[in-house]
1. When ranked by the protection proxy of mean other Cβ atoms within 10 Å per residue, highest first, what sequence do the peptides 41-50, 92-101 form?
2. Near the amide H of residue 110, under 5 Å away, which other amide H atoms are found, from residues 5 or more places off or on another chain, if H is placed in the peptide plane?
3. Compute the signed sum of charges (Lys and Arg +1, Asp and Glu -1) over the other residues within less than 14 Å, Cβ to Cβ, of residue 35.
4. Taking 0.36 nm per intervening residue step and subtracting the Cα-Cα distance, what contour gain separates residue 41 from residue 106 on full extension?
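Derivation of every value follows stated rules applied to the coordinates shown; laboratory data play no part. Note that this is a predicted model, so its numbers are computed, not measured. Cβ coordinates were reconstructed from backbone atoms using ideal geometry, including for glycine residues, and neighbour counts include every protein chain displayed.
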Amino acid sequence: MMFDLDRLISGTPPHDSPTWCVCTHCKDMPTDAERKCCGQTPENCTSLLPHMDLLILQEGVLRLARRIWNDVRAEEDAAEPGEANKQFRYAAYRQYVVWQHGALGEGRRVVIPSCCVWRVRDKYPDPFNQYNSDLAGTVL
């Protein structure tokens, strides 16, 4: 407890937090473009907000978002092993973008902060720990 309090007062990130991270909840990312933090204080990190749990991580919300997306694009969910979590991650990334930026339109992209990307990945992991950085770093 004293260590955490000391860290908050001194402003030094925890040993596992990247130097570019302000909120202390980010993990390192493979490209410079993806090394983005929400910029909030540790206690106000975007990844910890109640809206993140309600709108981005809740499975029922993501199922509905996927259904709407598939209906609009006339697509079907794939039934391959490990595909469900991948589809949940992609839906969560889209939900995050709409929540934070609104509808961007075709071809417009934004980078999702690492802290939020990893909340999604932790909730809907890839069975082989293989993630497509293009989807997390730049999403419709």
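1. Going from most to least packed, we get 92-101, 41-50.
2. 139
3. Every neighbour counted, the sum reads -1.
4. Length difference between fully extended and current span is 20.2 nm.
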